[in-house]
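Heads up: the structure comes next, in structure tokens.
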Amino acid sequence: FPFSMADSADAAQWDDATGAPLNDAARSILEEAKATIAKSSAASSKSSSKAVISEDAARAILAAIPDVDLATGEHKYVQVIISVKGAPKGVSKPIVTSTAGLMYHPDMYDAAMKKLKPLGITGRVVGGGRINLDHGAKTASVWGYSKSFGRAEGCNERSAQIIGRFHPDYRVTWSDDGY
């Protein structure tokens, strides 16, 4: 992703201790992420609406999107449940993503969605933490949590499983310890 949030004069700013947004750009990212969670909850409580894209087509689109898009080294990460706009209810998949140069979990979500929205993909943050990906040693370690999005029980374990399926020859470990 060639554009870095840090390069923008209107870059989102986050409190290092609490993860709270400090300016309008950061509040906007966090509000959008939380709105997708609220929309997802509301949609799941409604009766089924008519899909405008077939289940097979939606699954094919999702299959074309990598389950894992991680920067090498130690970074924060987010797990996002993605779906195709207009697809039948329940047609979705989790992805695990991080971007080098971004400091905060909401920025990770924002960077991923900027790539996916033009493809008709919507996303809901599950949670996040930290990851250390070492391609040379063929290892990945997942731990911690997102101060901005809060702890998400099982997120690190599921993220490690997703990474392990994507990199079957890697040693993948996880923990809920630490920040």
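The values are calculated or read from the model by the stated rules, or taken from the named source; none is laboratory data. In this text the structure is predicted, and so the values were computed from the model without any measurement. Cβ placement follows ideal geometry from the backbone for every residue including glycine, while neighbour counts extend to all protein chains displayed. Accessible surface areas use protein heavy atoms only, side chains included; no ligands, DNA or RNA. Shrake-Rupley method; radii C 1.70, N 1.55, O 1.52, S 1.80 Å.
Here are the numbers:
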| read-out | value |
| --- | --- |
| Hits in the range 59-76 (condition: farther than 17 Å from His167 by Cα and either crowded, with 21+ Cβ neighbours inside 10 Å or under 14 Å from the mean Cα position of the chain (by Cα) (or both)) | His75, Lys76 |
| Condition met for Arg124 (closer than 20 Å to Val84 by Cβ, in contact (Cβ under 8 Å) with a residue 24 or more places away in the chain, part of a strand (DSSP E or B) and charged (D, E, K, R)) | yes |
| Residue match in the range 146-158 (condition: within 16 Å of His75 (Cβ to Cβ) and in a strand (DSSP E or B)) | yes |
| Matching residues, the range 136-166, being basic (Lys, Arg) and either in contact (Cβ under 8 Å) with a residue 40 or more places away in the chain or open to solvent by less than 60 Å² (accessible area, probe 1.4 Å) (or both) | Lys147, Arg158, Arg165 |
| Matching residues, the range 77-91, being open to solvent by 10 Å² or more (accessible area, probe 1.4 Å) and either in contact with a Cys (Cβ under 7 Å, 6 or more places away or on another chain) or under 23 Å from Tyr145 (Cα atoms) (or both) | Ile81 |
| Condition check for Arg130: open to solvent by 20 Å² or more (accessible area, probe 1.4 Å) and closer than 28 Å to Gln13 by Cα | yes |
| Verdict on Ala112 being in a helix (DSSP H, G or I), open to solvent by less than 30 Å² (accessible area, probe 1.4 Å) and at pLDDT below 95 | no |
